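Visitor: Got a structure for you, questions after.
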Amino acid sequence: MKKQPPAKRELLFTGADWDFEKIQRVYDAVEEIAKGEMGLATYPNQIEVITSEQMLDAYSSIGMPLMYKHWSFGKHFARDETMYRKGMRGLAYEIVINSSPCISYIMEENSMAMQTLVIAHAAFGHNHFFKNNGLFKQWTDAKGILDYMEFAKGYVAQCEERYGNKAVEKVMDAAHALMSHGVHKYPRKRTPDLAEEEKRVADRLAYQEKMYNDLWRTVPKGPAGKKGSQELAERKRQLGLPEENLLYFLEKMAPKLAPWQRELIRIVRKISQYFYPQKQTKMMNEGCATFTHYTIVNRMHEMGLLSDGAMLEILHSHTSVVFQPDFDDRRYSGLNPYALGFNMMNDIKRMCIEPTEEDRQWFPDFAGNNDPYGTLRQAWADYRDESFLLQYLSPALIRKMKLFKIHDVAENPEMEVAAIHNERGYREVRKALARSYDIAHLEPDIQIVDVDLAGDRRLIVHHFAESGMLLDGSEAVRVLRHIANLWGYEVRLMEIDPATEQVVKVYDDVAPITEM
C-alpha cells in the first residue's frame, strides 16, 4: 500500500518576528514530534529569553544560572564582549542547563525560525541526552544542582564578608587551577540530594576536623620513626594514597586549612564533577541534539508547519554548524564534533532502514531492523564518545569522511600512513579515532603518591607521562604553587615513564607563598 503524504496544516508562524504565543505553538508542535514520533523522554522544560549581554554573562560563568563571584568570570566576560562588539565572534543561539527542570536560554535577537531550531535542539535533543545517558544518570543530580548552586553562591559570599575577599580569592584561585584534577573517575557512594547540602555542612566539617586532628597528632616528631615498606603501606592506607583527585585529597587531608577553606574546595570540586560527563560526551551530545533538530524541523516542513523561507534559514544555520573543513583548509582545527556526531547518527538511521551487505556484516545487531529511533535511543543511553565510536563508526562513513590513520614520530621527518580503507584499516581508524576521544588520554595522569610524615611533610606528586609527553615546565610550576598553598608545605613533582617506571624529570620542591 502506497504511503500517503502527511496532511498539510496551517503555518505556525510567518515572518521573522517572534512573540511568546508563537513560541508556545512551536514548542507544542516540536514536542508532538519529539515524543510522539521519535520517542524522546525529557525533563520538564523551562525556556527563558535573554539578551546578548546576558548570554555573554552566561558564557563567563560556565553557563550556570546561579554562580558565585570570581574575577576570572569577569575577565572572560570582558574578552568575549570585546570580540562580539567588534564582530570577531558570534554568540551561541542557545545555552542549555543539565537540570530538572531543564533550562534553555534562547536569545531575544533570534528570528522565529531560529527559535524553532534551538527549541528542538536544546529543549528536546540535549534534554533527552541529559536525562537518559548513563554517565549523567550516574554522576549528576539534575534535580539538586540548582539548589546546590544557590547554596554555593551564598556560602562564598558569606566567606567573603567574614574572612575578606583576598583570603577567599586565594583559595578559589588554587581550587580553580586544579579543577580538571578534582573529579572521581570511578563510581563511589551516591551523593545524597544536593538540596540538603547546607544542612550537612556543619556535621561534615566537624567530622573532618576530628579526622585531621587524629591523623596529624600521630605524625612522628623526627627521623627516628619506623622505616620500611610496612610503614609506607600503613602511611598510604591512612592517607588513602595514591589519589588522582587532587582537590579531594587536599580538602580531606591538608593539615593547615580552616573548615571554611575546605568547604570552598569542596564547592569547586562538586562543580567540576558535575561537568565530568559533559567532557566525555561532547560529540554524542551535540550529535544527538543536531540530529534531533534536523529530524524535527524536516518533519514540521513536511507537515506544512514551516514555510520554505523558514526552512531555508534553518538549513543555512544547520549546514554552518555541521560544516567540516578539509585538512588543508585554513579553518581546519580537527574533526568538528557536530559534524562527526550528526553524520554518525544519520548513518545509523540509514543502516537501520536501508542496509548494505557490508553493513549487515559489520552491524548484525541492528542493520535492517527498521527501528532507527529505538536504536539511537539505546546508543544515546549506553555509550560515551569513545565507546560509541568503537561500536558504531562504519566503514561507509569512514570512506565518506575520508578518514585514515597516520603514524607520526617526532624523531622521524617522514610520516607513515598506518591504516587505509580495507577491513583491517577500518578497525585501526576506528580504534585510533576513539582513543582521541578517551579522556584518560586527553588529560595528564597526575596522582598524589606520598607524604613525608616523618620529616617536613613534603607532598610527593607523580605525573605518568604517557608516550613521553611531559608537562609544560612554567605551567607546572604555577600549578604546583597552588597545590603548595592549599597543602601548607612543600610539594615535589616527579614525571615518570609508565613503561619503565623511571623518573624522567623532577621539579624542585615548591613552597607555599604565605600561610593560608
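The values are calculated or read from the model by the stated rules, or taken from the named source; none is laboratory data. Quantities reported herein were computed from a predicted structural model and do not represent experimental measurements. Please note: Cβ atoms are built from the backbone with ideal geometry, for glycine as well, and neighbour counts cover all protein chains shown.
Visitor: Of the residues Asp445, Asp408, which is at pLDDT 90 or above and acidic (Asp, Glu)?
Guide: Asp445
Visitor: Condition first: of a type outside the set (D, E, K, R), more than 22 Å from Gln261 (Cα to Cα), at pLDDT 90 or above and out of contact with any Phe, Trp or Tyr (no Cβ under 8 Å at 6 or more places or on another chain). Now tell me which residues in segment 475-516 satisfy that.
Guide: Scanning segment 475-516 gives Gln502, Val503, Val504, Val506, Tyr507.
Visitor: Hey, another quick one. If you go through segment 341-355 one residue at a time, do you hit one that is loosely packed, with under 14 Cβ neighbours inside 10 Å and at pLDDT 95 or above?
Guide: yes
Visitor: Here is a list: Leu246, Leu306. Which entry is assigned by TED's automatic domain parsing to the domain that holds Ile95 and not hydroxyl-bearing (Ser, Thr, Tyr)?
Guide: Going through Leu246, Leu306 in turn, the sole match is Leu306.
Visitor: Name the residue that is farthest from Val183 (Cα to Cα), counting only residues in segment 447-488 that are among the hydrophobic types (A, V, I, L, M, F, W, C) and part of a loop (DSSP other than H, G, I, E, B).
Guide: Taking segment 447-488 and keeping what is among the hydrophobic types (A, V, I, L, M, F, W, C), we get 448-449, 451, 453-454, 459-461, 464-465, 469-471, 476-477, 479-480, 483-484, 486-487.
Now narrow it down to the ones that are part of a loop (DSSP other than H, G, I, E, B): 453-454, 465, 469-471.
On the way: Leu453: 26, Ala454: 29, Ala465: 20, Met469: 22, Leu470: 22, Leu471: 20 Å.
Here the residue is Ala454.
Visitor: Let me ask you something else. Sort out which residues of segment 402-415 are surrounded by 11 or more Cβ atoms within 10 Å (Cβ to Cβ) and more than 30 Å from Lys185 (Cβ to Cβ), and write them in order of number.
Guide: Passing the criteria: only Phe404.
Visitor: Same structure, new question: On the basis of being outside any strand (DSSP E or B) and either over 32 Å from the mean Cα position of the chain (by Cα) or not basic (Lys, Arg) (or both), does Ile47 make the cut? Explain how you work it out, then say what you get.
Guide: On the way: outside any strand (DSSP E or B): no; either over 32 Å from the mean Cα position of the chain (by Cα) or not basic (Lys, Arg) (or both): yes.
No.
Visitor: Considering only residues of segment 382-423 that are outside any helix (DSSP H, G or I) and among the charged types (D, E, K, R), which is nearest to the chain's Cα centre (by Cα)?
Guide: Restricting attention to segment 382-423, the residues satisfying the condition of being outside any helix (DSSP H, G or I) are 383-384, 393-394, 401-422.
Narrowing further to those that are among the charged types (D, E, K, R): 384, 402, 405, 408, 411, 414, 416.
Details: Arg384: 11, Lys402: 28, Lys405: 26, Asp408: 28, Glu411: 34, Glu414: 35, Glu416: 33 Å.
Per the criteria, the residue is Arg384.
Visitor: Right, next: Report, ordered by the first and then the second residue, all pairs with beta carbons closer than 7 Å, sequence separation of six or more or different chains, a first member in segment 259-285 that is without any contact (Cβ under 8 Å) to a residue 60 or more places away in the chain, and a second member that is hydrophobic (A, V, I, L, M, F, W, C) and surrounded by fewer than 23 Cβ atoms within 10 Å (Cβ to Cβ).
Guide: Short answer, once both residue conditions are applied: Pro259/Leu205; Arg262/Leu205.
Visitor: Then there's this: Specify which of the listed residues (Glu313, Glu263) is at pLDDT 80 or above, under 28 Å from Arg481 (Cα atoms) and surrounded by 14 or more Cβ atoms within 10 Å (Cβ to Cβ).
Guide: Glu263
Visitor: Identify the residue in segment 244-268 that is outside any helix (DSSP H, G or I) and under 19 Å from the mean Cα position of the chain (by Cα) and, among all such residues, is farthest from Val461 (Cα to Cα). Break it down into steps so the answer makes sense when it comes.
Guide: The first filter runs over segment 244-268 and keeps only residues outside any helix (DSSP H, G or I), leaving 244-245, 254-258.
Of the ones still in play, those that are also under 19 Å from the mean Cα position of the chain (by Cα) are 244-245.
Details: Glu244: 10, Asn245: 12 Å.
Filtering segment 244-268 for residues that are outside any helix (DSSP H, G or I) and under 19 Å from the mean Cα position of the chain (by Cα), the one farthest from Val461 (Cα to Cα) comes out as Asn245.
Visitor: Also, I was wondering about something else. How many residues does segment 20-77 contain that are at pLDDT 75 or above, in contact with a Lys or Arg (Cβ under 8 Å, 6 or more places away or on another chain) and of a type outside the set (A, V, I, L, M, F, W, C)?
Guide: 4
Visitor: Moving on to the next point. So for segment 361-368 (the condition being within 31 Å of the chain's Cα centre (by Cα), in the same structural domain as Leu397 (by TED's automatic domain parsing), in a helix (DSSP H, G or I) and touching a residue at least 24 places away in the same chain (Cβ under 8 Å)), does at least one residue qualify?
Guide: Yes, because at least one residue in segment 361-368 is within 31 Å of the chain's Cα centre (by Cα), in the same structural domain as Leu397 (by TED's automatic domain parsing), in a helix (DSSP H, G or I) and touching a residue at least 24 places away in the same chain (Cβ under 8 Å).
Visitor: What are the residue pairs meeting all of these: first residue in segment 147-172, first residue in a helix (DSSP H, G or I), second residue surrounded by fewer than 17 Cβ atoms within 10 Å (Cβ to Cβ) and hydrophobic (A, V, I, L, M, F, W, C), Cβ atoms under 6 Å, and 6 or more apart or on different chains?
Guide: Listed pairs, sorted by first residue: Asp147/Ala195; Met149/Leu66; Glu150/Leu66; Lys153/Leu66.
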